[in-house]
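Chemist: Below are the structure tokens for one structure; questions will follow.
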Amino acid sequence: MEEMGKHTGGVLSQSSKVISNTCKKAEYQISSSMNEGILEIVFTGKVTNDDYETIKNETISIQKSMNINNELLDVRALSGRLGLKQTFSIVRNLHSDISSINTAFVDIGENASYNSIHETPAIKAGLSFKCFTDINAARDWLKSK
């Protein structure tokens with residue numbers, strides 16, 4: 001697995017692929033790596049609704065910096081979740097060049113019903129998006145695309 005960068009809630013530094021936060025101490029981290037042609041973005045720490053715009057922008061920045069068809073978003077180690085309003089906003093406002101990416105979203109089992117709510121609007125928005133609780137099943141799904 002090739003390590004791409006670690007992000008801690010701030011502005012992406014193109015030279016080092018590290019995000020630093022100058023406004024407030026981030027309670028979440030975003031790291032990315034390539035694994036068998038899949039961009040894997042891992043979110044850890046604690047997130048609140050106040051973080052959603054920054055997280056969305058950081059994730060889109062990572063996506064745009066890579067020439068990928070498949071991505072895996074792993075939030076299993078993330079404490080807290082974005083509200084439905086913020087999630088729908090992210091799905092609705094994705095850039096057209098990113099909407100062609102096949103996205104597997106991996107979370108813990110206890111959040112399965114919360115995550116299943118995301119699949120319908122994502123698919124209706126024309127995205128290739130599927131939620132999983134098993135990271136290997138998510139990788140297999142992406143490899144089949």
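Chemist: Output the residues belonging to the range 106-127 that are touching a Lys or Arg at 6+ places or on another chain (Cβ under 7 Å) and either of a type in the set (A, V, I, L, M, F, W, C) or closer than 19 Å to I68 by Cα (or both).
Modeler: V106, I108, A125
Chemist: Using the structure shown, decide if N115 is among the polar types (S, T, N, Q), at pLDDT 85 or above and either assigned to a strand (DSSP E or B) or out of contact with any Pro (no Cβ under 9 Å at 6 or more places or on another chain) (or both).
Modeler: So N115 fails the test.
Chemist: Let me ask something additional. Against the definition (modelled with pLDDT under 80 and of a type outside the set (K, R)), how does I135 come out, yes or no?
Modeler: Spelling it out, it is not the case that I135 is modelled with pLDDT under 80 and of a type outside the set (K, R).
Chemist: Being farther than 22 Å from S31 by Cβ, modelled with pLDDT under 85 and either out of contact with any Asp or Glu (no Cβ under 8 Å at 6 or more places or on another chain) or not aliphatic (A, V, I, L, M) (or both): is that true of I123 here? Outline the logic, then answer.
Modeler: Values: farther than 22 Å from S31 by Cβ: yes; modelled with pLDDT under 85: yes; either out of contact with any Asp or Glu (no Cβ under 8 Å at 6 or more places or on another chain) or not aliphatic (A, V, I, L, M) (or both): yes.
Criteria met by I123.
The values are calculated or read from the model by the stated rules, or taken from the named source; none is laboratory data. The structure displayed is predicted, hence computed values, not measured ones. Backbone-built Cβ (ideal geometry, glycine too); neighbour counts: all protein chains shown.
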